[in-house]
Amino acid sequence: MFETLRTIFYPVADLANAKAWWTELLGAAPYFDESFYVGFDVNGNEVGLVPGGPDDSPTTYWRVRDAGTAYQKLLDQGASAHEEPHDVGDGIVTGAVRDPSGNLIGVISLPGE
């Protein structure tokens with residue numbers, strides 16, 4: 001589902017629950033798993049979970065083939081709606097959810113990709 005991302009750290013209140021949720025969503029266990037940091041490799045990019053809990057979360061947009069489908073998968077996985085997918089111009093579609101830890105996760109699909 002996800003295609004491109006560089007690195008993002010998500011602060012989480014419950015590292016074990018966040019790790020389980022991301023493992024299920026990505027379909028792979030973390031490559032680095034310690035009490036101070038859990039890291040996932042997603043097509044050569046880094047998703048890191050750090051203990052602490054979110055005050056607010058950055059919105060990192062993952063490039064996907066279909067923003068609507070990806071958005072629905074996130075909701076089905078237990079995320080909550082934040083911004084429904086919509087065309088922001090030139091056929092670019094974005095949407096965002098909050099994961100169970102409260103972090104914002106965005107999806108973006110670009111025309112022709």
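From the list LEU74, LEU104, the one residue that fits, being surrounded by 19 or more Cβ atoms within 10 Å (Cβ to Cβ), in contact (Cβ under 8 Å) with a residue 12 or more places away in the chain, touching a Lys or Arg at 6+ places or on another chain (Cβ under 7 Å) and hydrophobic (A, V, I, L, M, F, W, C), is LEU104.
When only residues in region 62-71 that are free of Cβ contacts under 8 Å to residues at least 60 places away in the same chain and buried (at least 21 other Cβ atoms within 10 Å of the Cβ) count, which is farthest from VAL12 (Cα to Cα)?
Filtering region 62-71 down to residues free of Cβ contacts under 8 Å to residues at least 60 places away in the same chain leaves 66-68, 71.
Then keep just the ones that are buried (at least 21 other Cβ atoms within 10 Å of the Cβ); that gives 67, 71.
Working: ALA67: 25, TYR71: 21 Å.
So the residue we want is ALA67.
Of note, THR69 does not satisfy the criterion of being farther than 22 Å from GLU24 by Cβ and out of contact with any helix residue (DSSP H, G or I) (no Cβ under 6 Å at 6 or more places or on another chain). ALA16 passes every criterion in (1) within 13 Å of the chain's Cα centre (by Cα); (2) at pLDDT 90 or above; (3) hydrophobic (A, V, I, L, M, F, W, C) apart from (1). Test THR94 against the stated conditions and say whether it is at pLDDT 90 or above and among the β-branched types (Val, Ile, Thr). Here the answer is no, as THR94 does not meet what is asked.
The values are calculated or read from the model by the stated rules, or taken from the named source; none is laboratory data. Note that this is a predicted model, so its numbers are computed, not measured. Note that each Cβ is placed from the backbone with ideal geometry, even for glycine, and that neighbours are counted across all protein chains shown.
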